[in-house]
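What follows is a short report on a single structure.
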Amino acid sequence: MEVQYSKRIKLMHAICLAETLQNQNAKPNTDLNEYDALAAADYLSCYITFKAIQAAERSPQEERSDNFDMLSVYQAYALLVYAFLALPLMQEDIAPQLPSAQITIAKTLFAGLSDAELVEIVEAGTHKFQLISEAEVEHWREFRENLDKLTIAFVIAGTDDESPHDKEEILPIFGRLLSQFCEAFENV
């Protein structure tokens, strides 16, 4: 029996949230009916981006003062992940909400920054997201395809016992893709 994508993404949200809360000794909610598919896409895009930043051994804290524009690169990366998580939901008549997602992502990834800094990150990140999502250059098409496949593989690995991969095996690959993404914008 095929599991609806919205159920998979909600389950993945619950799993990742449970892992995060377990590290904080909090009890997670196990009722999937309490989860929203778009909220799951918001959360997972932040979770994946945060793990990718760790895997790439980058430091947004240092970059805030040394290379502030790099924060908008993380924002754009998270928006791409969000898009790849949310677009399959359209088959279930659930429309992605990019305007609200970009705010949620920025406030989650960059908690503690001023509103003016968040606005700058959101605007620059959205601009980069649009450039990359519309780019026809082969390396950007290939990058989008790889990130799309990896994002879906992550959801499947975390929610399907028969998956050939574990989600923990996939997370470092997000870091490698983030490194490529950052390098592309460092050379601009």
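Every number in this text was worked out from the coordinates using simple rules, so none of it is lab data. This is a predicted model, so every value here is computed, not measured. Reconstructed Cβ throughout: ideal geometry from the backbone, glycine too, with neighbour counts over all protein chains shown.
Each of 43, 35 was scored by other Cβ atoms within 10 Å of its Cβ. Listed from fewest to most, they are 35, 43. Take the Cβ atoms of residue 69 and residue 149, set R0 to 30 Å, and the FRET efficiency comes out at 0.60.
Against the main long axis of the alpha-carbon atoms of the chain, helix 138-159 sits at an angle near 30°.
In the chain, the DSSP-assigned H stretches of four residues or longer account for a calculated mean residue ellipticity at 222 nm of -24500 deg cm²/dmol, using -39500 (n - 2.57) per stretch and the full residue count as denominator.
Among the listed pairs 10/51; 7/167; 51/149; 107/128; 107/149, those with a Cα-Cα distance over 21 Å are 107/149. Cβ crowding within 10 Å ranks 58, 176 as 176, 58, fewest other Cβ atoms first. For the stretch 55-72, list residues with backbone N below 20 Å from a point placed 7 Å from the Cα of residue 163 toward its Cβ? Residues passing the 20 Å test: 55-56.
In degrees from 0 to 90, rounded to the nearest 10, what is the angle of the helix 69-86 Cα long axis to the longest principal axis of the chain? Tilt relative to the chain: about 30 degrees. Extension gain, residue 59 to residue 116, is 18.5 nm, computed as 0.36 nm per intervening residue step minus the present C-alpha separation.
For the stretch 53-188, the fraction of C-alpha pairs farther apart than 22 angstrom is 39 percent.
Once the Cα atoms are used to define both axes, helix 37-55 deviates from the longest principal axis of the chain by about 60 degrees.
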